[in-house]
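J.: Have a look at this one before I ask anything.
The values are calculated or read from the model by the stated rules, or taken from the named source; none is laboratory data. Remember, it's a predicted structure, so these values are computed and weren't measured experimentally. As a convention, Cβ positions derive from the backbone with ideal geometry for all residues, glycine included, and neighbour counts pool all protein chains shown.
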Amino acid sequence: MTSLDIDWVRAQFPAFSQASLQGQAFFENAGGSYTCQPVIDRLFRFYTERKVQPYAPYEASRLGGEEMDEARARLAAMMGVATDELSFGPSTTQNTYVLAQAVRRWLAEGEAIVVTNQDHEANSGPWRRLAEEGIEVREWQIDPEPGHLDPAALAPLLADGKVRLVCFPHCSNVVGEVNDVAAICAQAQAAGAYTCVDGVSYAPHGFVDVAALGADIYLFSAYKTYGPHQGIMVIRREIGEKLPNQGHFFNGGTLYKRFTPAGPDHAQVAASAGMADYMEALSAHHGGPASGAGAARFAHALMRDHEKVLLQPLLDYLSSKNSARLIGPANAEGRAPTVAVALNRPGEAAAADLAPHGIMAGGGDFYAVRPLTAMGVDPEPGVLRLSFTHYTHPDEVTKLIGALDKVI
Ligand SMILES: Cc1ncc(COP(=O)(O)O)c(C=O)c1O
């Protein structure tokens with residue numbers, strides 16, 4: 001396998017050449033990633049040349065609408081689904097609230113849903129609130145140590161055949177373990193349940209083929225995936241047509257409009273095509289396919305291979321520290337480079353101490369209050385979180401470990 005051309009990669013992100021960011025190694029990518037140049041270019045072009053109501057029969061408007069359609073078509077193709085199975089909304093959390101309202105009206109008396117206590121609150125709270133309306137909400141619980149979500153523990157929750165929807169994360173934003181989405185979706189499907197997968201923590205490490213995974217709903221946030229501040233939803237046709245329309249009544253016949261009650265942010269939707277530009281360019285630069293799902297798969301493998309090599313030394317270092325409790329698995333193979341550690345002081349204070357060493361990191365609960373509590377970590381001091389992506393340079397990880405050695 002070709003190795004990642006890290007200099008080329010970093011040249012696609014203007015942040016790395018900003019004078020104000022020199023000497024600053026960025027380790028809060030799970031909060032929000034740097035934006036790639038094609039996204040910035042498309043956003044700038046939309047705001048300067050197409051900032052008119054799109055889809056009208058004059059040139060600027062027609063081009064604006066075409067760029068919005070292009071974003072949906074290219075991202076959907078990369079994720080192995082039909083163009084109208086991909087839609088945009090303001091954020092993953094807001095998208096989930098809309099979906100939960102649809103599910104509330106769709107469930108019949110006596111039916112249930114499953115949520116986990118590994119999820120970020122975005123794929124948990126909106127669903128749990130349905131209990132206030134009489135819907136049975138079952139909790140699939142993690143092991144307290146190391147926060148693993150065991151499919152064997154899901155089986156009894158599905159046994160009576162009442163569950164219609166299983167909501168779970170591709171990867172938790174504090175545990176970091178990559179869940180076996182394909183196996184869990186197959187397990188849910190065999191019990192007659194659909195699945196809603198929070199892919200927010202995973203998507204920055206590679207676009208997945210949602211059809212191949214078998215997820216019925218797959219959610220992620222473009223602003224953590226090198227793009228603009230948008231939530232992206234893949235909603236497969238079967239469930240999308242069953243769930244009641246949440247948009248204007250006259251838009252109900254268009255799948256990608258059914259779960260987006262507000263008008264979309266035109267410029268950001270259009271700019272999201274830049275994420276496809278970037279992933280395709282990444283693949284092509286390294287000799288992979290130039291477009292579509294093949295490019296996504298190739299870029300994904302490149303990114304993950306690079307990340308795993310950088311991740312293992314950090315995990316080894318943190319595992320060896322008595323003053324730190326590493327959350328999640330210690331092996332890079334099955335985890336994303338999102339690494340939380342519980343210390344004997346607030347995570348935010350440790351992050352503040354890292355800043356003078358040129359490390360940008362964060363501390364707190366990261367809206368993962370439920371998983372932290374389940375693992376016996378008090379969300380109030382919370383954790384220090386160190387998260388990176390494929391654009392992180394090996395020297396930055398060395399620098400991070402050096403800084404951690406002084407701070408924790
Ligand atoms: C795993 C995970 N899911 C969901 C969200 C919520 O995403 P958004 O900010 O788009 O609502 C986040 C945000 O941090 C997250 O880390």
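J.: Between a first residue in segment 63-77 that is without any contact (Cβ under 8 Å) to a residue 12 or more places away in the chain and part of a helix (DSSP H, G or I) and a second residue that is surrounded by fewer than 18 Cβ atoms within 10 Å (Cβ to Cβ) and of a type in the set (S, T, N, Q), which pairs have beta carbons less than 6 Å apart while being 6 or more apart in sequence or on different chains?
T.: Within 6 Å, the pairs are ALA73/THR83.
J.: When you scan segment 9-31, do you find a residue that is closer than 19 Å to TYR226 by Cα, in a helix (DSSP H, G or I), in contact with a Leu (Cβ under 9 Å, 6 or more places away or on another chain) and in contact (Cβ under 8 Å) with a residue 60 or more places away in the chain, even just one?
T.: The answer is yes; a qualifying residue exists.
J.: Moving to a separate point now. Looking at GLY364, GLY347, which is the one that is touching a strand residue (DSSP E or B) at 6+ places or on another chain (Cβ under 8 Å), within 16 Å of the ligand (Cβ to nearest atom) and on the phi > 0 side of the Ramachandran plot?
T.: Exactly one residue qualifies, and that residue is GLY364.
J.: Could you please let me know if SER387 is surrounded by fewer than 21 Cβ atoms within 10 Å (Cβ to Cβ) and touching a residue at least 60 places away in the same chain (Cβ under 8 Å)? Even if it seems obvious, please write down each step before you answer.
T.: Details: surrounded by fewer than 21 Cβ atoms within 10 Å (Cβ to Cβ): no; touching a residue at least 60 places away in the same chain (Cβ under 8 Å): yes.
So SER387 does not fit the description; no.
J.: So which of TYR55, TYR47 ends up being among the hydroxyl-bearing types (Ser, Thr, Tyr), assigned to a loop (DSSP other than H, G, I, E, B) and modelled with pLDDT of 95 or more?
T.: TYR55
J.: A further question on this structure: What number of residues in segment 93-147 are crowded, with 19+ Cβ neighbours inside 10 Å and either within 11 Å of the ligand (Cβ to nearest atom) or modelled with pLDDT under 95 (or both)?
T.: Qualifying residue count for the region: 10.
J.: Sort through ALA342, ALA355, ALA290 and tell me the only one that's out of contact with any helix residue (DSSP H, G or I) (no Cβ under 7 Å at 6 or more places or on another chain) and more than 26 Å from GLN118 (Cβ to Cβ).
T.: ALA355
J.: Among the listed residues ASP378, ASP365, identify the single one that is surrounded by fewer than 20 Cβ atoms within 10 Å (Cβ to Cβ) and charged (D, E, K, R).
T.: Just a single option satisfies the conditions, and that option is ASP378.
J.: Assess whether ALA350 counts as being in contact (Cβ under 8 Å) with a residue 60 or more places away in the chain and crowded, with 19+ Cβ neighbours inside 10 Å.
T.: It is false that ALA350 is in contact (Cβ under 8 Å) with a residue 60 or more places away in the chain and crowded, with 19+ Cβ neighbours inside 10 Å.
J.: Which one of THR35, THR96 is assigned to a helix (DSSP H, G or I) and within 30 Å of LEU386 (Cβ to Cβ)?
T.: Checking each option against the conditions leaves just THR96.
J.: Criterion first (away from the ligand (no atom under 16 Å from the Cβ), of a type outside the set (Phe, Trp, Tyr) and touching a Phe, Trp or Tyr at 6+ places or on another chain (Cβ under 7 Å)) does SER87 satisfy it?
T.: Here the answer is no, as SER87 does not meet what is asked.
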